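Scroll down for the structure; my scribbles are underneath it.
The values are calculated or read from the model by the stated rules, or taken from the named source; none is laboratory data. Here the structure is a predicted model, which means the values were calculated and not measured. Virtual Cβ from ideal backbone geometry, glycine too; neighbours counted across all protein chains shown.
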Amino acid sequence: MIKLSSYNGVEYIGVYCAANESLALLPMDSVPEFRAIVVEALGVEIQVMNMAQANIIGSLVAMNSYGAVVSAMATDSEVEELSKHLAVLRLEDKHNAAGNNILCNDNGAVINPEISPESFRAIAEVLQVEAVQLAIAGHSTVGSVCVATNKGVLCHPEITREEFDLVKSVLKVDGAIGTANYGASMVGACLIANSKGALVGYRSTPIELGRIEDALHLY
């Protein structure tokens, strides 16, 4: 299922929200109507919270069904709340906006190549996956330029063939390239998704929605 929406009028839903197969993290100032459409589109439980006392959860959290990686600036109470659902790693790295710097599903992870070896190993351990470090389409912030689920991956339109093949191999899914929000190539900022559905920024065109559906196999 694909649904169009916005977070408080902003179409960049992926900046503010994060999701895995069973859980979505939504900011504390999200409205009830938005929370309801997330549940409908993704078939998940929702946890209303902030991260690092901010509403940009999608930029600061990367998670799959096994674990979550959060910004080093996350508060103790935020980590404690999320730990009720998943194993949690605070990313003590210069590049600690985890959602921007990690692309993952339950099979694998692609990580910003500038992240330290120690952080790389810790991320792979908490997510319980094989991982690689890779820049995509010239961007080190791989989580902002792609969206991955356990069924597919949607990638920045300027990804190279070699990068695309490696991403699909590590995540163990097929995929496609595309845009959202009327031509935005940073697709990780535009939507949240899991294997059951996607919630996409309201400015996305029918052609973009079709490509997202194909990439993530949401039939």
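Structure values in brief
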quantity	calculated
Selection status of Ala215, over 12 Å from the mean Cα position of the chain (by Cα), hydrophobic (A, V, I, L, M, F, W, C) and buried (at least 19 other Cβ atoms within 10 Å of the Cβ)	yes
Number of the condition not met by Glu163 [criteria: (1) assigned to a helix (DSSP H, G or I); (2) under 18 Å from Asp106 (Cα atoms); (3) of a type outside the set (A, V, I, L, M)]	(2)
Options Gly14, Gly58, Gly43: the member that is touching a residue at least 24 places away in the same chain (Cβ under 8 Å), touching a Leu at 6+ places or on another chain (Cβ under 7 Å) and not β-branched (Val, Ile, Thr)	Gly14
Close pairs from region 70-87: first within 17 Å of Gly58 (Cα to Cα), partner in a loop (DSSP other than H, G, I, E, B) and among the charged types (D, E, K, R), Cβ under 9 Å, at least 6 apart	Ala72/Glu92; Ala72/Asp93
Test: Gln53 is within 16 Å of the chain's Cα centre (by Cα) and without any contact (Cβ under 8 Å) to a residue 40 or more places away in the chain	no
Options Leu166, Leu154; residue that is out of contact with any helix residue (DSSP H, G or I) (no Cβ under 9 Å at 6 or more places or on another chain) and modelled with pLDDT of 95 or more	Leu166
Residue check for Met51: among the aliphatic types (A, V, I, L, M) and closer than 20 Å to Val153 by Cβ	no
Residues located in region 125-160, provided they are in a helix (DSSP H, G or I) and either crowded, with 24+ Cβ neighbours inside 10 Å or not aliphatic (A, V, I, L, M) (or both)	Glu125, Leu127, Val142, Gly143, Ser144, Val145
Members of region 179-196 found to be buried (at least 23 other Cβ atoms within 10 Å of the Cβ) and at negative phi, listed by number	Ala180, Val187, Gly188, Ala189, Cys190, Leu191, Ile192, Ala193, Asn194
